[in-house]
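As structure tokens, the structure follows; a few thoughts come after it.
The values are calculated or read from the model by the stated rules, or taken from the named source; none is laboratory data. The shown structure was predicted, so the numbers you read here are calculated from the model rather than taken from an experiment. Positions of Cβ are backbone-derived with ideal geometry, glycine not excepted, and every protein chain shown enters the neighbour counts.
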Amino acid sequence: MNTKLYKKYKGAYLLLIPALLFFIIFSYIPMSGLVIAFKDFRLGLGVIGSPWCGFENFQILFANENFIRVIRNTLFISFLKLFFVLIVPVILALMLNEVRLSAFKKGIQTLTFIPHFISWVILSGVFLMIFGIDGPLNNLIVQSGGEPIGFMTNDIWFISIIIATGVWQTAGYTAVIYIAAISSINPNLYDAASVDGANRWQQTWYITLRALQPTIIIMFILSVGGVLNSGFDQIFNMYNPQVYDVGDILGTWLLRRFEALDFSGAAAGGLLQSVLGMLLVCLTNFAAKRFAGKESGLW
């Protein structure tokens with residue numbers, strides 16, 4: 001390390017220490033426990049004393065009749081979320097960028113930003129109450145002469161609610177990133193385009209969106225890493241056995257295996273989830289650099 005550079009930014013390096021300790025203690029040290037994915041783990045024998053079984057836990061995982069179903073559900077929900085969570089914040093940022101009334105703009109930003117900081121434990125309770133069979137929405141439908149709808153027990157309605165509420169919770173927070181990127185665009189570009197006769201839509205399409213392209217690609221790459229997660233917190237707090245066929249994802253299925261004391265199988269599934277997530281990020285980053293330019297990737 002350059003000594004002069006270290007002395008100049010010594011304070012900044014010291015501020016990194018708490019973050020490094022956090023990741024070392026809670027992320028890297030626990031990774032040693034993944035060894036049980038390759039062992040026939042028994043509580044009485046412990047991690048060290050349990051016998052090695054190679055890739056047997058992975059073979060059992062792939063042979064399970066429910067494994068394909070949960071992988072299908074995970075990918076289906078993840079790619080739907082990936083599409084809408086990527087598109088909606090961009091649209092929201094572009095719309096807010098066109099608002100000229102500062103107070104109104106800040107108010108909308110605040111209202112859309114707040115849900116990101118509310119736990120899914122709380123949000124799921126609210127949504128389960130709203131969409132419940134005896135909830136206010138069904139009461140309104142009944143009072144209008146209709147029949148109550150099992151929103152949380154119907155496959156199509158459940159998936160729709162999961163996607164919609166997931167987008168609602170994250171759109172405002174992600175839009176802030178795009179708004180910050182928009183604010184860095186040189187105003188002279190818009191002035192030049194206006195002189196050339198470009199309307200607001202053309203300026204948005206050819207200037208704003210082009211300038212946002214690197215940010216959108218980076219956000220996409222980061223989102224791809226969580227494809228096999230599918231928003232575990234949200235689904236775990238909102239799903240029920242009646243929608244297992246579409247709502248049971250890899251994370252919730254592995255949790256039930258853990259609760260059944262199948263620690264080795266749960267560890268094998270978790271390791272597989274992490275490795276595939278890392279590979280997807282690497283492949284997406286490579287594709288972004290290959291087709292959108294070397295400056296588009298994360299590294």
Is there any pair with a first residue in the stretch 281-296 that is in contact (Cβ under 8 Å) with a residue 60 or more places away in the chain and exposed (fewer than 15 other Cβ atoms within 10 Å of the Cβ) and a second that is assigned to a helix (DSSP H, G or I) and among the polar types (S, T, N, Q) whose Cβ atoms are under 9 Å apart and which are 6 or more apart or on different chains, and what are they?
-> Ala292/Gln213
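Name the residues in the stretch 87-107 that are among the aliphatic types (A, V, I, L, M) and either buried (at least 17 other Cβ atoms within 10 Å of the Cβ) or touching a Cys at 6+ places or on another chain (Cβ under 8 Å) (or both), would you? If you could, list the steps in order and put the result at the bottom.
Of the stretch 87-107, the ones among the aliphatic types (A, V, I, L, M) are 87-88, 90-96, 99, 101, 103.
Once the filter is applied, which keeps residues that are among the aliphatic types (A, V, I, L, M) and either buried (at least 17 other Cβ atoms within 10 Å of the Cβ) or touching a Cys at 6+ places or on another chain (Cβ under 8 Å) (or both), the stretch 87-107 yields Val88, Val90, Leu92, Ala93, Leu94, Leu96.
If only one of Asp196, Asp191, Asp248 is of a type in the set (Asp, Glu) and at pLDDT 90 or above, which one is it?
Testing whether each residue is of a type in the set (Asp, Glu) and at pLDDT 90 or above leaves just Asp248.
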Test: Leu111 is within 30 Å of Ser183 (Cα to Cα), among the aliphatic types (A, V, I, L, M) and exposed (fewer than 12 other Cβ atoms within 10 Å of the Cβ) | yes
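Looking only at the stretch 31-50, how many residues end up being loosely packed, with under 10 Cβ neighbours inside 10 Å and more than 17 Å from Leu261 (Cα to Cα)? Give the derivation first.
Pass one, the stretch 31-50, residues loosely packed, with under 10 Cβ neighbours inside 10 Å: 32, 43-44, 48.
The next check asks that each one be more than 17 Å from Leu261 (Cα to Cα); those that pass are 32, 48.
So the answer is 2.
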Checked pairs for the stretch 256-277, first free of Cβ contacts under 8 Å to residues at least 40 places away in the same chain and at positive phi, second in a helix (DSSP H, G or I) and among the small types (Gly, Ala, Ser), C-beta under 9 Å and 6 or more apart or across chains, list as none
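A quick yes/no check of all residues on (1) assigned to a helix (DSSP H, G or I); (2) out of contact with any helix residue (DSSP H, G or I) (no Cβ under 7 Å at 6 or more places or on another chain):
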residue	(1), (2)
Ile185	no, no
Leu189	yes, no
Thr204	yes, no
Thr208	yes, no
Asn237	yes, no
Leu261	no, yes
Ser264	yes, no
Gly269	yes, no
Leu298	no, no
Working carefully through the options Ile163, Ile156, find the one that is out of contact with any strand residue (DSSP E or B) (no Cβ under 9 Å at 6 or more places or on another chain) and surrounded by 14 or more Cβ atoms within 10 Å (Cβ to Cβ).
-> Ile163
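Given the structure, is Ile87 free of Cβ contacts under 8 Å to residues at least 24 places away in the same chain, under 16 Å from the mean Cα position of the chain (by Cα), farther than 12 Å from Val227 by Cα and not in a loop (DSSP other than H, G, I, E, B)?
Working: free of Cβ contacts under 8 Å to residues at least 24 places away in the same chain: yes; under 16 Å from the mean Cα position of the chain (by Cα): yes; farther than 12 Å from Val227 by Cα: yes; not in a loop (DSSP other than H, G, I, E, B): yes.
For Ile87, the condition - free of Cβ contacts under 8 Å to residues at least 24 places away in the same chain, under 16 Å from the mean Cα position of the chain (by Cα), farther than 12 Å from Val227 by Cα and not in a loop (DSSP other than H, G, I, E, B) - is met.
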Scanning for something surrounded by fewer than 16 Cβ atoms within 10 Å (Cβ to Cβ), more than 17 Å from Glu98 (Cα to Cα), without any contact (Cβ under 8 Å) to a residue 40 or more places away in the chain and of a type outside the set (Lys, Arg), does the stretch 198-219 turn up at least one residue?
-> no
Residues (over 26 Å from Tyr244 (Cβ atoms), touching a residue at least 24 places away in the same chain (Cβ under 8 Å) and charged (D, E, K, R)) located in the stretch 24-83 | Lys39, Asp40
